[in-house]
Amino acid sequence: MANHSASHPAHVQHHFVDSDQQFESAKMGMWVFLVNEILFFGGLFCAYIVFRAWYPELFTQAALELNKLWGGVNTIVLIGSSLTVAMAIRSAQKNQIKGLRINLLITIALACVFMVIKYFEYEHKLHLGIAPGSFWNPTPEILEELSHPKANIFFGIYYMMTGVHGLHVLVGIGLMIWLYIRAGKGHFSSEYYTPVEITGLYWHLVDLIWIFLFPLLYLIE
Amino acid sequence: MSEHNHEHHVATAKQLWLIGGGLFVLTILTVVVSNLGLPSPFDIISALVIAFGKAYLVAAFFMGLYWDTKFNSLLLIGALVFFILMVTVTLLDTMYRQDVVPSF
Amino acid sequence: MAAAQSKNMTTLQVKRFKPSENPTNTYLTDEKGVWAWMTTVDHKKIGLMYLVAVAFFFALAGFLAIALRTELWTPAKTFIEADTYNQLFTLHGAMMVFFVLVPSIPAALGNFVLPMQLGAKDVAFPRLNLASFYIYVIGAVFTFISLANNGFDTGWTFYTPYSSDTNSLGVIWVTLGVFILGFSSILTGTNFITTIHKLRAPGITWDKLPLNIWALYATSVIQVLATPVLAITILLLSMENILDIGIFDPAKGGDPVLYQHFFWFYSHPAVYIMIVPGFGIISEVITTFSKKHIFGYWAIALSSLAIAFIGFLVWGHHMFTSGQSAVATTVFSFLTFLVGIPTGIKILNWVATLYKGSIEMKTPMLYVFIFLFLFTIGGFTGIMLGALSVDIHLHDTYYVVAHFHYVMMGGTLMALLAGLHYWWPKMTGKMYNETLGKISAVLIFIGFNMTFLPQFVMGAQGMPRRYYNYIDQFQPFHQTSTIGSYILGAAFLIILYYLVRSLFGGEKASANPWNSRGLEWQATSPPDFHNFDHTPVVINGPYDYHKPMEEFQLGLAVEHNGHGHGEHHEVKTDQTEKA
Ligand code: HEM
Ligand SMILES: [Cu+2]
């Protein structure tokens, strides 16, 4: 920092006037990117809505194969991780780097828990032959419950939605590890925590998507 | 620093925990409501109302839109508007087909 | 020196910075070597790299077009097999749309001029900008891998069930390629929106934005809202191929028309991704070469946004015969007519700008006139296709082919050529050969109309598109069209020749050869690495040709920390000096 003027500290890239402009730009850029994300998932939600409107009985029937309890637990886990990310940002803003790192760690752990539960859910279904597309091969007992001729489509949508969402969680874990390492190197302070802020925004969006996926997939009576 | 350097809003820990708690309660609530077995449109409506409530809490407080420039909120709302346009206009076809194509 | 006052009445101390005619240090001399180019984050260099890539794909896809036209010389086989023919037109269409037209103006020319027109040093996220270029390259690589694996012959629209039943590896690779490519477009859009909001130089308020910026803004909005839907559609299609998940494929219980909805939700707005930046260029060039204030600034600026919005509501006009519901068809037809309104507003305002201007017929201006002529025909025929009953007859005929070539080639490509010639001196520091420029423009005009006018006629008479064979009665039309395409090819070779030659032997360009009032022209030619070596300050609109040039060359007299401070341009100095 020594060779920079006070108003142009090291973390400010040359094409910005000051830290504030850089921060606001990064944040706005992230929001624009989240617009992308919403429409990206929007396509899947649209497919969901179209098919649900066509075959309401299919959705009621197929949702029974999903485990409300684990879906609910995962919702809580993800909400918890959103809370810890928000706390991480708060720590950064208050220049508490240790708090920042701890909160990031908890977030990573919660995200992993989410993925592990997801893994067991998938595992269970695949075991019963409730697999996507050409792997669709339910056991006879399951076929009795899933008598609807288009049951495979529900699960096509289910696997796409949760799969793409899961990929986002994995990306989030990667980002959070990167933040954790950088925080350890002392890159962040109350003056500069832009990457933490915008990764946080991303993470909350992943949470937001799940907030809708949960009732739409699991909670159909 | 320029006089423009408005301070970033720092939420208090209490605020954040409160929001987290609220989300927690709403999650339980949505499961409970779904177990009531409400008749057809109301089950979806109640689930969505709760989901939007949760989404509002996350967007406004965790993501900080409540304190942020209005433009970022506009971006979020804009995305939703275009999503809704996409769905409604598509439904205009799929709900009014003479013969639902998938059945041939 | 002069004093400039911004809205909130704080005073900036400014002085005149006349661009040097003999810049010693420019962005081209700054860093040298292949590696420096490949890792650069400079928006100008990235723009040039995009330009080269786009030109490469244009040449490739153009070459395919010539082959296709040659095949159509006779009603039966001329020199290639039917299957090859199917692959070639698919490749031609897909490349022209995804690799040429979509990135051409925003990512190549836009990247170069957008920060300069804003008086910024760079785009908001320079590294993302470079990433977007490489993502584009990776998308291209996937497409080539697809070619090595049977290729694809589904048409550029990848309609299911055809694209999910042929089950070719080629389709999987190319759809993944398009999926990846989409991200390059998304990143460009995200970058531009943020840059326009946050990095404007002092004094550039929303009412002083060049119309090119307004156009790029509208384009970016479409890119951000529509491209992700393409991404998910194409991803679903890939999964349909890889896993057979059955959302679109009727054999698996899915709905192929749903695919068309998804596809056109992107692809209709995408045609505006292609044309709207062209509108921006037209506004810049037409004012510069009429030496006149634009007629109807706000009408042109806001009609871009209106087009962007309405463009999202008309996609079903591609599906009138698909079996979509009668309600949807009627609504889509009605909404399609609405698009004509903002488009017409633009055309009329441009023509009004010409009125009583002192028009200088340089090559870029020639292209603007060609644009006005061809695009208007393209737009009108679009409205005709939007009419439900007419479209039932014309759908999937050469009439549609002619329509979209008139708008895409006659519109977007002509605007691109106008912009390329217009900014060429700025980008390279060299003048191109004006005579050859005009000759090739005229040749393009002749060749273009010869190629595509007959297609309207045979389309109306029932010649279907994408056919390898045809009945004898259409042969004269096809042959005229083929000859036209050769003329077009020759014209493009001439352009390539004189542009490349200008790089090496061309006359040196002055900083502002067209006497434009645009901010990008107040930098040296070619510009400095940081575009300007001062912070530009803008007090006039970009088209105020009635004001003296000095007033367009202002910059902060006291440099404090840098450039571009879009949203908050009040500066604390209160010493005022009189001119
Ligand atoms: C006044 C504005 C326009 C209107 C009303 C319009 C209308 C239409 C309609 C109704 C069709 C469908 C024809 C059919 O398949 O039966 C069509 C096709 C097409 N239009 Fe336009 N159009 C307009 C402008 C544009 C522009 C500006 C572009 C591109 C720059 C464009 C590109 C295309 C393409 C590529 C197709 C064919 C897609 C395909 O099936 O392969 N259009 N247009
Ligand atoms: Cu269209």
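No lab work stands behind these numbers, since they all come straight from the coordinates. Bear in mind that the values here come from a model prediction, so they are computed numbers and not experimental data. We place every Cβ from the backbone using ideal geometry, glycine too, and count neighbours over all the protein chains shown.
Tabulated results
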quantity: Unmet criterion (only one of (1) among the acidic types (D, E); (2) over 24 Å from C:H92 (Cα atoms); (3) within 15 Å of ligand 2 (Cβ to nearest atom)) for C:D396; calculated: (2)
quantity: The one condition in (1) more than 16 Å from ligand 2 (Cβ to nearest atom); (2) away from chain A (no Cβ under 14 Å); (3) of a type in the set (A, V, I, L, M, F, W, C); (4) surrounded by fewer than 24 Cβ atoms within 10 Å (Cβ to Cβ) that C:F309 fails to fulfil; calculated: (1)
quantity: Index of the failed condition, C:L305 passing every other in (1) assigned to a helix (DSSP H, G or I); (2) away from ligand 1 (no atom under 14 Å from the Cβ); (3) more than 21 Å from the chain's Cα centre (by Cα); calculated: (3)
quantity: Residues of segment C:29-64 satisfying the condition of being within 23 Å of C:Q522 (Cα to Cα) and in contact with a Ser or Thr (Cβ under 8 Å, 6 or more places away or on another chain); calculated: C:E31, C:I46
quantity: Selected residue (only one of B:D43, B:D68 is in a loop (DSSP other than H, G, I, E, B) and away from chain C (no Cβ under 13 Å)); calculated: B:D68
quantity: Residue within segment A:161-171 that is surrounded by fewer than 19 Cβ atoms within 10 Å (Cβ to Cβ) and not in a helix (DSSP H, G or I) present; calculated: no
quantity: Which numbered condition C:I341 misses (of (1) within 16 Å of ligand 1 (Cβ to nearest atom); (2) free of Cβ contacts under 8 Å to residues at least 40 places away in the same chain; (3) over 23 Å from the mean Cα position of the chain (by Cα)); calculated: (3)
quantity: Yes/no for A:V196 being within 12 Å of another protein chain (Cβ to nearest Cβ) and closer than 18 Å to A:G80 by Cα; calculated: yes
quantity: Positions within segment B:20-42 being surrounded by fewer than 14 Cβ atoms within 10 Å (Cβ to Cβ) and closer than 18 Å to B:A55 by Cα, in sequence order; calculated: B:G21, B:V25, B:I28
quantity: Members of segment A:41-52 found to be free of Cβ contacts under 8 Å to residues at least 40 places away in the same chain and at the interface with chain C (Cβ under 8 Å from one of its Cβ atoms), listed by number; calculated: A:G42, A:G43, A:C46, A:V50
quantity: Every pair of residues 6+ apart whose Cβ atoms lie under 9 Å, when the first sits in segment C:396-423 and is on the phi > 0 side of the Ramachandran plot while the second is more than 16 Å from ligand 2 (Cβ to nearest atom) and not aromatic (F, W, Y); calculated: C:D396/C:P464; C:D396/C:R466
quantity: Filtered residues of segment C:206-244 (kept if in a loop (DSSP other than H, G, I, E, B) and more than 7 Å from chain A (Cβ to nearest Cβ)); calculated: C:L209, C:P210
quantity: Single residue of A:L100, A:L143, A:L58, A:L83 found to be of a type in the set (A, V, I, L, M, F, W, C), within 14 Å of chain C (Cβ to nearest Cβ) and either in contact with a Gly (Cβ under 8 Å, 6 or more places away or on another chain) or farther than 20 Å from A:W210 by Cα (or both); calculated: A:L58
quantity: Within segment C:245-260, tally of residues that are within 7 Å of chain A (Cβ to nearest Cβ) and in contact (Cβ under 8 Å) with a residue 40 or more places away in the chain; calculated: 1
quantity: Criterion (within 11 Å of ligand 1 (Cβ to nearest atom), within 16 Å of C:H317 (Cβ to Cβ), of a type in the set (A, V, I, L, M) and within 20 Å of the chain's Cα centre (by Cα)) met by exactly one of C:V271, C:V276; calculated: C:V271
quantity: The lone exception for C:I300 - which of (1) closer than 21 Å to C:G419 by Cβ; (2) in a loop (DSSP other than H, G, I, E, B) it fails; calculated: (2)
